[in-house]
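A.B. asks: Dumping the structure here so I can ask a few things about it.
The values are calculated or read from the model by the stated rules, or taken from the named source; none is laboratory data. Note that this is a predicted model, so its numbers are computed, not measured. So basically every Cβ, Gly included, is an ideal-geometry build from the backbone, and we count neighbours across all protein chains shown. All accessible areas refer to the heavy atoms of the entire protein, side chains included, with ligands and DNA or RNA removed. Shrake-Rupley method; radii C 1.70, N 1.55, O 1.52, S 1.80 Å.
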Amino acid sequence: MVDTNLVVRDYLISRTDLTDLVSNKIYAANPLPENVELPAISFFTRGGTSIPSVPTVVIPSVQFSCWADDPIEARKIYRVLYDELNGLYDATVTIDGTIYHITRAVEEVQGQDIQDTDIPGYWKVLTFYSITIRNF
């Protein structure tokens, strides 16, 4: 079974345009961990599908939240995340000697601007992606 959160995080951490904005503050967590300095990204696998006849392929649906202390910065992070993921085709991620291919990533729901009601001064852009991952 593929740890989809690990594969997605390793891929995102490798993307310089994204880490220039959020550093290594990309968390496979929902909600955002306490006391995280902004800006940051949180995400989690919320479901998805698999192909029983091809167990090395999974297609998770992943929810992303792009966090900042103002809505313009949150939207900027979302735009860079969009550029890195939407339409992605055959990116390779190697974890502990296992090679994974992100063969496809497609945005399911466009970014939604939301002011967090639990944490005053926190803004996020919420989006969802279908990501196809295959390991060999």
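A.B. asks: Any idea how far apart residue 19 and residue 99 come out in nm if each label point goes 7 Å out from Cα toward Cβ?
C.D. replies: 2.2 nm
A.B. asks: I need to check one value: relative contact order of the stretch 42-136, counting alpha carbon pairs closer than 8 Å and at least 6 residues apart, in percent. All intermediate terms of the calculation are to be shown ahead of the outcome.
C.D. replies: Numbers: 210 pairs, mean separation 31.7, N = 95.
Relative contact order comes out at 33 percent.
A.B. asks: Springs between alpha-carbon atoms under 10 Å, Gaussian network over the chain: tell me which of 46, 75, 104 tops the mean-square fluctuations.
C.D. replies: 46
A.B. asks: Give me the extension gain from residue 76 to residue 112: residue separation times 0.36 nm, minus the current Cα-Cα distance, reported in nm with one decimal.
C.D. replies: Residue separation times 0.36 nm, minus the Cα-Cα distance, leaves 11.7 nm.
A.B. asks: Counting only helical runs of four or more DSSP H residues, what would the 222 nm mean residue ellipticity of the chain come to if each run contributes -39,500 (n - 2.57) and the total is spread over all its residues?
C.D. replies: That calculation yields -7000 deg cm²/dmol at 222 nm.
A.B. asks: Pick from 35, 24, 86: which is most flexible by mean-square fluctuation in a GNM of the chain where alpha carbon atoms under 10 Å apart are linked?
C.D. replies: Looking only at 35, 24, 86, the largest GNM fluctuation is found for 35.
A.B. asks: Same structure, new question: Could you tell me whether the stretch 18-80 comes out rounded, prolate or oblate from its Cα gyration tensor? Rule is a ≥ b ≥ c as square roots of the eigenvalues, rounded for a/c under 1.5, then prolate if a/b exceeds b/c, otherwise oblate.
C.D. replies: prolate
A.B. asks: OK, next. Would you kindly derive the ³J(HN,Hα) couplings of the stretch 37-48 from the backbone phi angles with the Karplus curve 6.51 cos²θ - 1.76 cosθ + 1.60 (θ = phi - 60°), listing them in order in whole Hz, with x for Gly and Pro?
C.D. replies: 6, 8, x, 7, 10, 10, 7, 7, 7, 9, x, x
A.B. asks: Each residue of the stretch 104-117 in order: what ³J(HN,Hα) in whole Hz does its phi give by Karplus 6.51 cos²θ - 1.76 cosθ + 1.60, θ = phi - 60°, with x for Gly and Pro?
C.D. replies: Residue by residue, the stretch 104-117 yields 6, 9, 9, 5, 8, 9, 5, x, 10, 7, 9, 8, 5, 8 Hz.
A.B. asks: For residue 124, what accessible surface area do you get with a 1.4 Å probe? Give it in Å², rounded to 10.
C.D. replies: So the heavy atoms of residue 124 present about 40 Å² to solvent.
A.B. asks: While we're here: Measure off 7 Å from each Cα along the Cα-to-Cβ vector at residue 53 and residue 92, then give the distance between these two points in nanometres to one decimal.
C.D. replies: About 2.8 nm, to one decimal.
A.B. asks: On to the next question. Between residue 27 and residues 5 or more places away or on another chain, which pairs have amide H atoms under 5 Å apart, with H built 1.01 Å from N, and which residues are they?
C.D. replies: 41, 42, 43
A.B. asks: From the square roots a ≥ b ≥ c of the eigenvalues of the alpha-carbon gyration tensor of the stretch 1-40, which class results: rounded (a/c under 1.5), prolate (a/b over b/c), or oblate?
C.D. replies: Here the stretch 1-40 falls in the oblate category.
A.B. asks: For the stretch 88-94, in order, what is each residue's ³J(HN,Hα) by Karplus, 6.51 cos²θ - 1.76 cosθ + 1.60 with θ = phi - 60°, in whole Hz (x at glycine and Pro)?
C.D. replies: Taking θ as phi minus 60°, the curve returns 4, 9, 6, 8, 9, 10, 10 Hz for the stretch 88-94.
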